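Notes follow once the structure below has been shown.
The values are calculated or read from the model by the stated rules, or taken from the named source; none is laboratory data. Values in this document were obtained by computation on a predicted structure and should not be read as measured data. When we count neighbours, we look across all protein chains shown, and the Cβ atoms used for this are built from the backbone with ideal geometry, even at glycine. When the accessible area is computed, the model is the full protein with side chains, heavy atoms only, and any ligands, DNA or RNA have been set aside. Shrake-Rupley method; radii C 1.70, N 1.55, O 1.52, S 1.80 Å.
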Amino acid sequence: IPSLVGKDNCILAPYKFVGTLQLANSGDQIWNANLNDQNSDEFNKLASLVTSSLTDAFVNASFSTDDFFVQLLMFSLVSNSARKKRQAVSNIYTSAQFVINIANSSIKVDELNKILNDYNDSSTWYSLLPYGQILLVSQPPHVNNSTNLCNYPQIHKCDETTSTCVQTQHQTSCQCNVGFIAGAFTCRDINECAINSTKYCPETGVCENTIGSYKCKCNTGQYWDDNTTMCSDDGCSTSPCQHDGVCYALEDPHNFACRCGYGWEGEMCQNEDSEANRMKVAVICVSVILGVCCLVLLIILLVICIRQRRSGSDWTLENDSYTNSRYSEAEHLPRAKIVHRPGTDTAENGQGSAYERLDYNQMNDKQSVFGRHSPTPNARTDGKNVYHNRAFDNDVGERL
């Protein structure tokens, strides 16, 4: 991208020469921190004085202002130490760096330095000397033949994102980076995905344009490599984690990390964890002991239950709920007593034998067989002998 100079009309001035001069430490030339800021009033005021003085030097040499242009690059603080009459003297001054843009391709560095030196033909350059609108010290302004112009963004004006400065002798140009194409005065981005997404991303066909490049969506286990513009296998693609370890790809896709399962350790879970094994053995031992204790306790409970069941199997009147309920309903009946009489076999709670041998047909509803009501008179007896409990007779009961 060429430089354009001129006041009324833009003129190509592709040839650039960088030079320096030393300002005396007086007036507006005294150094201050604001001279580092190109937007400050101090910088702009002193820069105007310097460029005007240099322009006057070239105009004095019959140069047209349409053929050149002076631009100030920066100011810097310089300190020189000198010895005068056995005393150390420190000289502090402001140094100015400038560039002269010229359209004439045939001009040489020596010619430029002669023009700058002849503007003040004084033979003594080691004292303070007026130079146009500024005051110089030590030496006249001069340009350098070996300056790298690409070190000064103010000169080449190349956008480092889209282009790269290239110097050829005293000229500069901006070469577009890969992924950009040259426009009128700038480099613009190339949209590769709009051109042919399947060409640039043949595996998945999913393309995403970026500034100066593009990237493709990769399959699982792969990552996009900007250097090769290809999908490459990440560190987990070969399943490096052993013993069921889980692999994780790191920020650097070539590296990986393994999360090991219980009982394993190491970079790839290749080593047994001795501490985990000891804990495992301890857990097994405790489990066995607890299991044995539970089994013994269960056996003891079973034995106790069996013994209680056996001890409660003997029938007693108190434990028989049916009999107790029968007797509880008959508490209002008179208590039978044994009556001893000759010729009887059994007596119960009475005075003498209360039982007599009778035929079954002679029994009424008060007759009983051992205290239980007999069947109805029509019941079949088959000649069996029953006993008449006299204790339940009304006359005997009253007498008893």
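A few remarks follow.
- Within the range 34-61, the only residue that satisfies the criterion of being surrounded by fewer than 13 Cβ atoms within 10 Å (Cβ to Cβ) and in contact with a strand residue (DSSP E or B) (Cβ under 9 Å, 6 or more places away or on another chain) is SER48.
- Answer from ALA184, ALA276, ALA257 - the residue that is assigned to a strand (DSSP E or B) and not β-branched (Val, Ile, Thr): ALA257
- Taken over the range 122-144, the criterion of being open to solvent by less than 40 Å² (accessible area, probe 1.4 Å) and either modelled with pLDDT of 70 or more or part of a strand (DSSP E or B) (or both) is satisfied by LEU129, TYR131, ILE134, LEU136, VAL137, PRO140, PRO141, VAL143.
- Cβ separations smaller than 8 Å between residues 6+ apart or across chains give the following pairs from the range 33-47 residues that are hydroxyl-bearing (Ser, Thr, Tyr) to residues that are part of a helix (DSSP H, G or I): SER40/ASN34.
- Among the residues of the range 14-33, the ones that are buried (at least 18 other Cβ atoms within 10 Å of the Cβ), part of a loop (DSSP other than H, G, I, E, B) and more than 55 Å from the chain's Cα centre (by Cα) come to 1 in all.
- Residue within the range 166-176 that is more than 30 Å from PHE98 (Cα to Cα), open to solvent by 40 Å² or more (accessible area, probe 1.4 Å) and either among the aliphatic types (A, V, I, L, M) or assigned to a loop (DSSP other than H, G, I, E, B) (or both) present: no
- Scan the range 202-237 for residues that are exposed (fewer than 14 other Cβ atoms within 10 Å of the Cβ) and touching a helix residue (DSSP H, G or I) at 6+ places or on another chain (Cβ under 6 Å) and the total you get is 1.
- When restricted to residues that are surrounded by 18 or more Cβ atoms within 10 Å (Cβ to Cβ) and over 58 Å from the mean Cα position of the chain (by Cα), the range 64-73 contains 1.
Let's see how each residue does on (1) outside any loop (DSSP other than H, G, I, E, B); (2) at negative phi; (3) under 33 Å from the mean Cα position of the chain (by Cα):
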| site | (1), (2), (3) |
| --- | --- |
| LYS199 | yes, yes, no |
| THR220 | no, yes, yes |
| GLY261 | no, yes, yes |
| LYS280 | yes, yes, yes |
| ILE300 | yes, yes, no |
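- Unmet requirement for ILE195, which otherwise passes all of (1) farther than 30 Å from ILE102 by Cβ; (2) over 34 Å from the mean Cα position of the chain (by Cα); (3) of a type outside the set (Asp, Glu); (4) open to solvent by less than 30 Å² (accessible area, probe 1.4 Å): (4)
- Any hit, the range 103-113, residues being in the same structural domain as GLN22 (by the TED database), under 30 Å from ILE30 (Cβ atoms), more than 57 Å from the chain's Cα centre (by Cα) and open to solvent by less than 60 Å² (accessible area, probe 1.4 Å): yes
- Residues that are assigned to a loop (DSSP other than H, G, I, E, B), among the polar types (S, T, N, Q) and closer than 24 Å to ASP189 by Cα are absent from the range 232-246.
Matching residues to (1) open to solvent by 90 Å² or more (accessible area, probe 1.4 Å); (2) among the small types (Gly, Ala, Ser):
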site: TYR248; (1), (2): yes, no
site: ASN255; (1), (2): no, no
site: CYS258; (1), (2): no, no
site: GLY263; (1), (2): no, yes
site: ASN277; (1), (2): no, no
site: SER287; (1), (2): no, yes
site: VAL292; (1), (2): no, no
site: LEU297; (1), (2): yes, no
